[in-house]
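The values are calculated or read from the model by the stated rules, or taken from the named source; none is laboratory data. Because the structure is predicted, anything quoted here is derived from the model rather than measured. All Cβ positions, even for glycine, are placed from backbone atoms using ideal geometry, and neighbour counts span all protein chains on display.
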């Protein structure tokens, strides 16, 4: 499968403006990575610091923030990493799942999907917790 890019509309924290960036679709990346400068300009603030494993196995620490985006016409809240200057802008798996989009590797595009859940109601639930 080749790689492809798609636009992501990043919406400011107060919802008053947006900016579109081109992102590499990367299902191997847990979170979307957006330029830290853009995130700060849009009023998005870090709420947590996480560890991320790079492709070479090394571990780095990243700030993450809650951001609202529009991908392929679908609006969704998501978690994004404040990416260092020069780092690629990536559309990660968490955002794709939240937007109910999957990768069509043949046509190199995103395609809509549906959510999955266990059952229609509460029937069928199994309590697998061990008893005390």
(request) Exactly one condition in (1) in contact with a strand residue (DSSP E or B) (Cβ under 8 Å, 6 or more places away or on another chain); (2) under 24 Å from residue 4 (Cβ atoms) is not met by residue 64; state its number. (result) (2)
(message) Which of the numbered conditions does residue 14 fail, given that it passes all the others? Conditions: (1) touching a residue at least 12 places away in the same chain (Cβ under 8 Å); (2) surrounded by 10 or more Cβ atoms within 10 Å (Cβ to Cβ).
(response) (2)
(request) Among the strands (runs of 3 or more DSSP E) lying completely within segment 21-132, list those that include at least 3 residues that are in contact with a helix residue (DSSP H, G or I) (Cβ under 6 Å, 6 or more places away or on another chain), at pLDDT 95 or above and surrounded by 12 or more Cβ atoms within 10 Å (Cβ to Cβ). (result) 74-83
(request) Just give me the residues in segment 75-92 being closer than 19 Å to residue 48 by Cα and out of contact with any strand residue (DSSP E or B) (no Cβ under 7 Å at 6 or more places or on another chain), in sequence order. (result) 84
